[in-house]
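Presented below is the structure to which this report refers.
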Amino acid sequence: MLLRPAALSALAFAIQSASKFEYPADRTLSYVLREKRVGSQDRPLVAEGFYAWLRHRLSVETIAFDGGKPKDEFSALALAALARQFRRRVTAPSGEIDRYTKYLKADEALGSHARRELPAWLWDRLGVQYGNDERLALAEDLLKPASFDLRVNTLKGKRDEVLKRLQKEGFSNAHATPISDVGIRLQQLELGRIDIGRHPLFEDGTIEVQDEGSQLLAKLVGAKRGEFVIDFCAGAGGKTLALAAMMASTGRLYAFDNNERRLDNMGPRLARSGASNVQTQRIENEHDPKLAKFAGKADRVLVDAPCSGLGTLKRNPDLKWRQSPASVKELIEIQKSILNEAAKLVRTGGRLVYATCSLLADENENIAEHFLSTNTGWKVVPSSLRNEDASEEKPYAHLLPHRDGCDGFFAAVFERNA
């Protein structure tokens, strides 16, 4: 692949724009591609180089800054990121051949980074939680690109039929997800040839893009036909739509969120899905007085809480640099408050599901234990997000990227008995 000077300049600008980690990486990259008018020929190199810098930042800086930071540090980082990602498959511009060759040799000598490209505080916490061997396996897996999963909307189709159609239409390597019974996994290479967002099955709501772990979390809620269910932190609505399908579009399903734009964006997805039992409701926060009318009425409440997102590092590698012990500490207080308030909406005999896409016990088990210690009349329902025998179920459910092949998730299921 030929690296043109314009592509190198765009990549350096993208890295510079994201270097303070003030905004999500995908938003920054979209801005740069648009601002620099990066053509289709150069986009793959710019995008892959940008995410290589995010995933391998520690190694890239070691390669680029050997002997000190050069004046054109962002161009150096761009070249080092490409060396890390593409190695000798990239031909550098004539004026950068010597430097790129130097970086290639440095990359080959460096090998895998000792901390597997994680900030020190996170590396240390994962070691305490999982032990060194599992930490190594997890950290190595987080450097790989995320899988691309679809959820089949059972209001409109069956997985076997959808899978056969996709395979006939060019997704020859599409296959059923190993755990979710409504999921399909696509190969990244195939996505470069076919735009799934313009596929008729997507446009008519038969399929939705949703990670297998997120699909399994909706399954864990166990929403049934005719029930009253609340998705307390609905966000973009992926789990809301999955719950609606599980309920066969019967009963009542409320989607709460404090971000009106997110709820508005759910509108087109909801219309495509064919679900008619969903009502969206913007709330100011978990203490909004509007919630009082729902107190003690819901059969099931899902709290997919705001969290560090560290279980999604394969698709959001910038989060490991944007989060910190201080930001996690702030999130913990928010999580405790949201869970306490959401619990008030559950009827006696109903269930409350607390979930995050974090890898940290501080946001997971510790929040669940704190809830139980400060709220009477609740018990834990042992649960699993994996295909395990009931005898192997543990108090809380976990998915880990290196073990389960999807984003990392945690879930605790509580039942109200008083």
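With the requirement that a residue be assigned to a helix (DSSP H, G or I), surrounded by fewer than 16 Cβ atoms within 10 Å (Cβ to Cβ) and without any contact (Cβ under 8 Å) to a residue 60 or more places away in the chain, what does segment 193-232 give you? Outline the logic, then answer.
Step one: filter segment 193-232 for residues assigned to a helix (DSSP H, G or I), giving 196-198, 200-203, 212-221.
Now narrow it down to the ones that are surrounded by fewer than 16 Cβ atoms within 10 Å (Cβ to Cβ): 197-198, 200, 203.
197, 198, 200 - these are the residues of segment 193-232 that are assigned to a helix (DSSP H, G or I), surrounded by fewer than 16 Cβ atoms within 10 Å (Cβ to Cβ) and without any contact (Cβ under 8 Å) to a residue 60 or more places away in the chain.
Scanning segment 359-402 for residues that are modelled with pLDDT of 95 or more and of a type in the set (D, E, K, R) turns up 362, 363, 365, 369, 379. Residue count for segment 77-103, restricted to those that are of a type in the set (D, E, K, R) and either in the same structural domain as residue 362 (by TED's automatic domain parsing) or in contact (Cβ under 8 Å) with a residue 40 or more places away in the chain (or both): 2. Restricting segment 111-161 to residues that are touching a Gly at 6+ places or on another chain (Cβ under 8 Å) and outside any loop (DSSP other than H, G, I, E, B), the residue that is surrounded by the fewest Cβ atoms within 10 Å (Cβ to Cβ) is 159.
Going through segment 191-224 one residue at a time, which ones are among the basic types (Lys, Arg) and closer than 14 Å to residue 241 by Cα?
Quick first cut of segment 191-224, residues among the basic types (Lys, Arg) only: 193, 198, 219, 224.
If the condition is that a residue be among the basic types (Lys, Arg) and closer than 14 Å to residue 241 by Cα, then 219, 224 are the ones that fit.
What are the residues in segment 111-140 that are at pLDDT below 90 and out of contact with any helix residue (DSSP H, G or I) (no Cβ under 6 Å at 6 or more places or on another chain), if any? Those that are at pLDDT below 90 and out of contact with any helix residue (DSSP H, G or I) (no Cβ under 6 Å at 6 or more places or on another chain): 111, 112, 114.
Which one of these is among the small types (Gly, Ala, Ser) and in contact with a strand residue (DSSP E or B) (Cβ under 7 Å, 6 or more places away or on another chain): 94, 172, 147? If you could, list the steps in order and put the result at the bottom.
Details: 94 fails: in contact with a strand residue (DSSP E or B) (Cβ under 7 Å, 6 or more places away or on another chain); 172 fails: in contact with a strand residue (DSSP E or B) (Cβ under 7 Å, 6 or more places away or on another chain).
Within the list 94, 172, 147, the selection yields 147.
Checked against (1) in contact (Cβ under 8 Å) with a residue 40 or more places away in the chain; (2) touching a Leu at 6+ places or on another chain (Cβ under 8 Å); (3) among the hydrophobic types (A, V, I, L, M, F, W, C), residue 106 passes all but condition (2). Inspection of segment 377-399 identifies at least one residue that is under 30 Å from residue 58 (Cα atoms) and not basic (Lys, Arg).
Could you check segment 275-296 and list, in sequence order, the residues that are of a type in the set (A, V, I, L, M) and in a loop (DSSP other than H, G, I, E, B)? Explain how you work it out, then say what you get.
Going through segment 275-296, the residues of a type in the set (A, V, I, L, M) turn out to be 275, 278, 283, 291-292, 295.
Within segment 275-296, 275, 283, 295 qualify.
Selection of segment 48-76 for residues being in contact (Cβ under 8 Å) with a residue 12 or more places away in the chain and of a type in the set (Phe, Trp, Tyr) yields 50, 51, 53, 74. If only residues of segment 11-33 that are assigned to a helix (DSSP H, G or I) and under 17 Å from the mean Cα position of the chain (by Cα) are counted, the one that is surrounded by the fewest Cβ atoms within 10 Å (Cβ to Cβ) is 27. Checked against (1) in contact with a helix residue (DSSP H, G or I) (Cβ under 9 Å, 6 or more places away or on another chain); (2) not in a helix (DSSP H, G or I), residue 311 passes all but condition (2). Against the condition over 20 Å from residue 321 (Cα atoms) and not charged (D, E, K, R), how does residue 32 come out, does it pass? Criteria not met by residue 32.
The values are calculated or read from the model by the stated rules, or taken from the named source; none is laboratory data. Being a predicted model, the structure only gives us computed values, none of them experimental. Neighbour counts run over all protein chains shown; Cβ positions are idealised from the backbone, glycine included.
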